[in-house]
Amino acid sequence: MHTTALTDTAAFKALQQHHAGQAVHWHMRELFAQQPDRFERMSVRAAGLLLDYSKNRIESETLSLLLNLARERQVEALRDAMFSGEKINFTEHRAVLHTALRSPAGDTPLQVDGQQVSADVHAVLGHIRDFTERVRSGQWRGHTGREITDIVNIGIGGSYLGPQMVCTALRQFSHARLKAHFVSNVDGHDLDEVLSRVDPETTLFIVASKTFTTQETMLNAQSARRWFLRHGNESDLARHFVAVSTNAREVSAFGIDPDNMFPFWDWVGGRYSVWSAIGLSIALMIGFEHFSQFLAGAHAMDRHFRETPLEANMPVIQALIGIWNRNFFNSESLSIAPYHHGLRYFQAYLQQLEMESNGKRITRDGTAVGVATCPFIWGDVGTNGQHAFFQLLHQGTDITPIDFIAVLKPSHGIDGHHQVLLANCFAQSEAFMRGKDADEVRADLRKQGLDDAELNALLPHKTFDGNRPSNTILLPELTPATLGSLIALYEHKTFVQGAIWGINSFDQWGVELGKVLAKTIHGELHAEANPALHDASTNALITLAKQAQQQ
Ligand code: F6P
């Protein structure tokens, strides 16, 4: 635990001085002009990825001051505590061991509370391998003897976002016979739409829930079960329903065969669970070998994070750049711009990862954190975002850092597209950095033959300040391994930022209040309302919903 508030640390104060005295005056266009080696000095390679952070408002000194902050906040000690299974999620008395899920069988065995972590992880992986091979080969069939063609994952939050994002990203590795569907929303339209596309004889439902008590998932699972029973018998359920959970009791109460349950453990946070049996839909779609490569890619990033000195450590650097932008330049959000259509759900995945982890305001010692913590995470794939919200990013009043994610080699064979895609990606980060100053705009307008009056009227509108920061992350190809590395990079970045802010990145008490109130209101929609429990607005909304139900 930290004994000094973040803002009272020597490193934070030094950064404040450095920011106010120097950094606010820099323009990246000048820094690049003065430093031909800026890319070499400000880029790092790890686990198959490249992070170019040179287009940020930093100098070498900035980075060394930020590294001092990481040291003063004991990032390395907390990192080692996480990897060794200490209960760093202290509000829930839990270890944080998603890294153990991707640790190879030969690694040093890990034990937590008497549990042989590594042995259990590999036993479940063995179960996943057997099961997925049976489904993919056609050995596992539906109740009428037909092969499985559709996988429906019912889950929400971490039990949905990772599987959906990864299955989409790795589409070209998918089994030709299998289609993956995801039902997350309690809105019946979601389930209805998926059920309209699948055949009960050839569909396998995966009920994915860490707790197996999440209202949305349980309701969707019950409704899917009822739908199935209109076509098959209770005894056929075992061919069509499997579960992924930490809660064996609730799984068997639901009526799922214990042999068809894939367990994981309380030391895996929901938003860190894609590596666990929660990834079952992924393993079914891409096969166990590819799923193993996905785990191996993440493990390569784990090793890099654990073993590399801070100054060359990719997640540490990415985290520190984020802290610099958030706490010194006051940027309120971080835009994620993946230039790969397969990564179109990546920003949604990161929203949960970063915002549920670091959307906190209380430090580990119970006091207010005193600085801004997690920025809003949002975005869309390039080039779509360019034609929607990039105008604001270029010339709006807020300065929003951007993570560009590009993949050098496409997974399709359609001529001409990929170069246009990459050209746009690189052009955007260049434009955000350089901008277009008044002299350049004036020269352009003169060439077009504009008179002075017109030119001066247009000049301020066509001028771009530039100096807008971005990172570029390059993947050689989008494969199970590089995707694994990319996700692990963001996980560790999130960890480092949480460590610096001094918060617990692994609980999520904030989402509980809404869940509790929803239960109360749900009861009132069915039976007698109790206006004394609510404000006038909520009471009126309940009344209107009840009236609509009666019509
Ligand atoms: O939204 C809160 C949360 O607990 C997330 O952290 C989690 O990923 C999600 O709900 C789903 O939980 P479960 O897997 O237990 O259904």
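Yes or no: region 36-46 includes at least one residue that is over 30 Å from residue 503 (Cα atoms), over 31 Å from the mean Cα position of the chain (by Cα), at pLDDT 95 or above and not polar (S, T, N, Q). Explain how you work it out, then say what you get.
Let us first name the residues in region 36-46 that are over 30 Å from residue 503 (Cα atoms), namely 36-41.
Next cut, over 31 Å from the mean Cα position of the chain (by Cα) only: 36-37.
Cutting the leftovers down to at pLDDT 95 or above gives us 36-37.
Next, only the ones that are not polar (S, T, N, Q) stay: 36-37.
Yes: region 36-46 contains one or more residues that are over 30 Å from residue 503 (Cα atoms), over 31 Å from the mean Cα position of the chain (by Cα), at pLDDT 95 or above and not polar (S, T, N, Q).
If only one of 158, 162 is touching a Lys or Arg at 6+ places or on another chain (Cβ under 7 Å) and either within 16 Å of the ligand (Cβ to nearest atom) or part of a helix (DSSP H, G or I) (or both), which one is it?
Working: 162 fails: touching a Lys or Arg at 6+ places or on another chain (Cβ under 7 Å).
Answer to the selection: 158.
Give the residue, chosen from 471, 456, that is surrounded by 17 or more Cβ atoms within 10 Å (Cβ to Cβ) and not in a loop (DSSP other than H, G, I, E, B). Don't jump to the end; show me each part of the working.
On the way: 456 fails: surrounded by 17 or more Cβ atoms within 10 Å (Cβ to Cβ).
None of the others qualify; the one that does is 471.
Among 300, 296, which is the only one that is more than 26 Å from residue 182 (Cα to Cα), among the hydrophobic types (A, V, I, L, M, F, W, C) and away from the ligand (no atom under 16 Å from the Cβ)? Spell out the reasoning first.
Details: 296 fails: more than 26 Å from residue 182 (Cα to Cα).
Criteria check complete, one pass: 300.
What's the total number of residues in region 56-75 that are under 23 Å from the mean Cα position of the chain (by Cα) and not hydrophobic (A, V, I, L, M, F, W, C)?
The first filter runs over region 56-75 and keeps only residues under 23 Å from the mean Cα position of the chain (by Cα), leaving 56, 70, 75.
Imposing the further condition that a residue be not hydrophobic (A, V, I, L, M, F, W, C) reduces the set to 56.
Of the residues in region 56-75, 1 are under 23 Å from the mean Cα position of the chain (by Cα) and not hydrophobic (A, V, I, L, M, F, W, C).
Name the residue that is farthest from residue 267 (Cα to Cα), counting only residues in region 99-111 that are in a loop (DSSP other than H, G, I, E, B) and hydroxyl-bearing (Ser, Thr, Tyr). So that I can check it myself, show each step before the final result.
Step one: list which residues in region 99-111 are in a loop (DSSP other than H, G, I, E, B), which gives 103-110.
Applying the additional criterion that residues be hydroxyl-bearing (Ser, Thr, Tyr) yields 103, 108.
Details: 103: 15, 108: 18 Å.
For region 99-111, the residue satisfying everything is 108.
Which condition breaks for residue 531 when tested against (1) within 13 Å of the ligand (Cβ to nearest atom); (2) surrounded by 13 or more Cβ atoms within 10 Å (Cβ to Cβ)?
(1)
Can you tell me which of (1) under 24 Å from residue 46 (Cβ atoms); (2) more than 16 Å from the ligand (Cβ to nearest atom); (3) in contact with a strand residue (DSSP E or B) (Cβ under 7 Å, 6 or more places away or on another chain); (4) not acidic (Asp, Glu) is the one residue 324 doesn't meet?
Of everything listed in (1) under 24 Å from residue 46 (Cβ atoms); (2) more than 16 Å from the ligand (Cβ to nearest atom); (3) in contact with a strand residue (DSSP E or B) (Cβ under 7 Å, 6 or more places away or on another chain); (4) not acidic (Asp, Glu), residue 324 misses just condition (3).
Residues that are at positive phi and out of contact with any His (no Cβ under 8 Å at 6 or more places or on another chain): does region 78-88 have at least one?
yes
Of 451, 444, 465, which residue is under 27 Å from residue 331 (Cβ atoms) and among the charged types (D, E, K, R)?
After ruling out the rest, the residue left standing is 465.
Out of 124, 117, report the one residue that is touching a helix residue (DSSP H, G or I) at 6+ places or on another chain (Cβ under 6 Å), aliphatic (A, V, I, L, M) and under 30 Å from residue 150 (Cβ atoms).
Numbers: 117 fails: under 30 Å from residue 150 (Cβ atoms).
Being touching a helix residue (DSSP H, G or I) at 6+ places or on another chain (Cβ under 6 Å), aliphatic (A, V, I, L, M) and under 30 Å from residue 150 (Cβ atoms) holds for just one of 124, 117, which is 124.
Could you tell me whether residue 181 is free of Cβ contacts under 8 Å to residues at least 60 places away in the same chain, over 24 Å from residue 505 (Cα atoms) and either in a strand (DSSP E or B) or within 14 Å of the ligand (Cβ to nearest atom) (or both)?
It is true that residue 181 is free of Cβ contacts under 8 Å to residues at least 60 places away in the same chain, over 24 Å from residue 505 (Cα atoms) and either in a strand (DSSP E or B) or within 14 Å of the ligand (Cβ to nearest atom) (or both).
From the list 96, 24, 44, pick out the single residue that is buried (at least 16 other Cβ atoms within 10 Å of the Cβ), outside the structural domain of residue 116 (by TED's automatic domain parsing) and not in a loop (DSSP other than H, G, I, E, B). Before you say what the answer is, go through the steps one by one.
Details: 96 fails: not in a loop (DSSP other than H, G, I, E, B); 24 fails: buried (at least 16 other Cβ atoms within 10 Å of the Cβ).
Criteria check complete, one pass: 44.
All but one of (1) surrounded by 18 or more Cβ atoms within 10 Å (Cβ to Cβ); (2) in contact with a strand residue (DSSP E or B) (Cβ under 6 Å, 6 or more places away or on another chain); (3) not in a loop (DSSP other than H, G, I, E, B) hold for residue 63; which doesn't?
(2)
Looking only at residues that are more than 22 Å from residue 289 (Cβ to Cβ) and part of a loop (DSSP other than H, G, I, E, B) in region 115-153, which one is nearest to the chain's Cα centre (by Cα)?
Filtering first and then ranking leaves 142.
State yes or no: is residue 54 in a loop (DSSP other than H, G, I, E, B), within 22 Å of residue 318 (Cβ to Cβ) and at pLDDT 95 or above? Break it down into steps so the answer makes sense when it comes.
On the way: in a loop (DSSP other than H, G, I, E, B): yes; within 22 Å of residue 318 (Cβ to Cβ): yes; at pLDDT 95 or above: yes.
So residue 54 passes the test.
Taking the conditions exactly as written (among the aromatic types (Phe, Trp, Tyr), in contact with a helix residue (DSSP H, G or I) (Cβ under 9 Å, 6 or more places away or on another chain) and surrounded by fewer than 21 Cβ atoms within 10 Å (Cβ to Cβ)), does residue 376 satisfy them or not? Steps first, please.
On the way: among the aromatic types (Phe, Trp, Tyr): yes; in contact with a helix residue (DSSP H, G or I) (Cβ under 9 Å, 6 or more places away or on another chain): yes; surrounded by fewer than 21 Cβ atoms within 10 Å (Cβ to Cβ): yes.
Yes.
Cβ contacts < 6 Å: first residue surrounded by 20 or more Cβ atoms within 10 Å (Cβ to Cβ), restricted to region 496-519; second residue in a loop (DSSP other than H, G, I, E, B) and among the hydrophobic types (A, V, I, L, M, F, W, C), any location; separation 6+ or different chain. Result?
501/369; 506/96
Any residue at all in region 509-520 that is of a type in the set (A, V, I, L, M, F, W, C), modelled with pLDDT of 95 or more and touching a helix residue (DSSP H, G or I) at 6+ places or on another chain (Cβ under 9 Å)?
no
Within region 158-183, restricting attention to residues that are among the small types (Gly, Ala, Ser) and crowded, with 21+ Cβ neighbours inside 10 Å, which residue is nearest to residue 478 (Cα to Cα)?
Keep residues of region 158-183 that are among the small types (Gly, Ala, Ser), which gives 158-159, 162, 169, 174, 176, 180.
If we keep only those that are crowded, with 21+ Cβ neighbours inside 10 Å as well, we get 158-159, 162, 169, 180.
Working: 158: 22, 159: 22, 162: 16, 169: 8, 180: 19 Å.
Checking each candidate, the answer is 169.
Here's the yes/no breakdown for (1) touching a residue at least 60 places away in the same chain (Cβ under 8 Å); (2) within 16 Å of the ligand (Cβ to nearest atom); (3) within 23 Å of the chain's Cα centre (by Cα):
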residue: 344; (1), (2), (3): yes, no, yes
residue: 352; (1), (2), (3): yes, yes, yes
residue: 372; (1), (2), (3): no, no, yes
residue: 380; (1), (2), (3): no, no, yes
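The values are calculated or read from the model by the stated rules, or taken from the named source; none is laboratory data. Remember, predicted model here, so these are calculated numbers, not experimental data. When we count neighbours, we look across all protein chains shown, and the Cβ atoms used for this are built from the backbone with ideal geometry, even at glycine.
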